[in-house]
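The values are calculated or read from the model by the stated rules, or taken from the named source; none is laboratory data. Remember, it's a predicted structure, so these values are computed and weren't measured experimentally. All Cβ positions, glycine included, derive from the backbone under ideal geometry; neighbour counts span all protein chains shown. Protein only, heavy atoms only, side chains kept; ligands, DNA and RNA dropped before computing areas. Shrake-Rupley method; radii C 1.70, N 1.55, O 1.52, S 1.80 Å.
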Amino acid sequence: MYNYKLYPWLQRCIIYCVVVTLVVVSLIPVQSNAFGRGARGPDVFAVQGMMKSLGFYAGSIDGVYGAHSEQGVKAFQRQYGLPITGAVDSKTLESILWAYAQLKITKGNIEPVPTKPPTSAELNADELLLLKLVNQERTSRKLAPLAADTSLSKVAEAKSQDMADNQYFSHQSPTYGSPFEMMKQFGITYRTAGENIACNQTVEAAHKALMESTGHRENILSTQFTHIGIGIVNGGQCGKMLTQQFIGK
């Protein structure tokens with residue numbers, strides 16, 4: 001489950017780092033207060049994502065600054081000649097942003113980020129089934145059904161295909177970044193947004209698992225969302241990769 005409540009400055013910094021020259025990194029504002037063990041939230045999530053890409057973080061990208069995050073930051077600080085505190089102070093964050101920008105710009109096997117969604121047909125049979133199951137859950141609780149958004153479904157399909165092709169299962173894509181960065185890259189506008197992902201043998205089993213998870217169920221039944229994009233592809237670790245992306249307009 002992943003949902004959006006505000007777009008913090010750190011996520012904007014990450015986007016800028018990927019698309020501008022390295023000299024601009026020095027102009028990015030950084031926070032004055034350190035955060036470390038026990039911190040949680042979107043800033044921690046973003047740092048974990050960058051550290052994993054850089055090879056310093058071995059834990060889950062969950063937005064909680066625990067032992068793995070601290071160990072990864074210490075390793076990064078050691079390699080870059082920074083004071084080894086295990087906390088993300090302004091200098092450490094500036095160095096992480098710079099290193100991440102270097103990686104994105106210079107690493108030869110990273111493909112350019114697409115500027116628009118790939119072409120796709122209308123919802124396939126699996127996607128239509130999942131849409132039906134989602135709206136049955138909503139209408140049975142006297143909630144308005146979600147409208148299928150064709151453009152958003154193309155983005156969801158691209159996310160599922162990316163997970164299948166690159167053998168990962170995470171809201172943070174090595175190709176597109178966070179769900180919200182991905183939506184922005186593909187021209188999707190929204191008031192609120194969220195994402196569910198699943199990996200299962202069948203659509204019915206995936207839907208059941210999502211509904212049995214509190215956070216995923218909250219996305220499916222949220223009154224803040226009005227539209228849904230669904231992308232299901234065959235492949236990946238479990239047989240089918242499924243992505244639900246929700247937006248409120």
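If the condition is being open to solvent by 50 Å² or more (accessible area, probe 1.4 Å), in a helix (DSSP H, G or I), of a type outside the set (D, E) and under 12 Å from V233 (Cα atoms), then region 117-175 contributes A125, K154, Q161. Restrict the check to region 180-192 and report whether at least one residue is more than 24 Å from Y100 (Cα to Cα), part of a strand (DSSP E or B), hydroxyl-bearing (S, T, Y) and out of contact with any Cys (no Cβ under 6 Å at 6 or more places or on another chain). Within region 180-192, one or more residues are more than 24 Å from Y100 (Cα to Cα), part of a strand (DSSP E or B), hydroxyl-bearing (S, T, Y) and out of contact with any Cys (no Cβ under 6 Å at 6 or more places or on another chain). Among the residues of region 24-54, those identified as surrounded by fewer than 14 Cβ atoms within 10 Å (Cβ to Cβ), assigned to a loop (DSSP other than H, G, I, E, B) and modelled with pLDDT of 85 or more are R37, G38. Just so you know, in region 209-225 the residues that are assigned to a helix (DSSP H, G or I) and β-branched (V, I, T) include one that is farthest from Y190 (Cα to Cα), and it is T214. Among the residues making up region 191-213, those that are in contact (Cβ under 8 Å) with a residue 60 or more places away in the chain and surrounded by fewer than 23 Cβ atoms within 10 Å (Cβ to Cβ) are T192, V203, E204, M211, S213. For region 78-116, taking the residues that are more than 20 Å from the chain's Cα centre (by Cα), part of a loop (DSSP other than H, G, I, E, B) and polar (S, T, N, Q), the one that is modelled with the highest pLDDT is identified as T85. Being part of a strand (DSSP E or B) and at pLDDT 90 or above is the filter here; which residues of region 226-238 pass it? H227, I228, G229, I230, G231, I232, V233, N234, listed by residue number.
Taken together, the residues in region 176-190 that are of a type in the set (G, A, S) and open to solvent by 30 Å² or more (accessible area, probe 1.4 Å) amount to 1.
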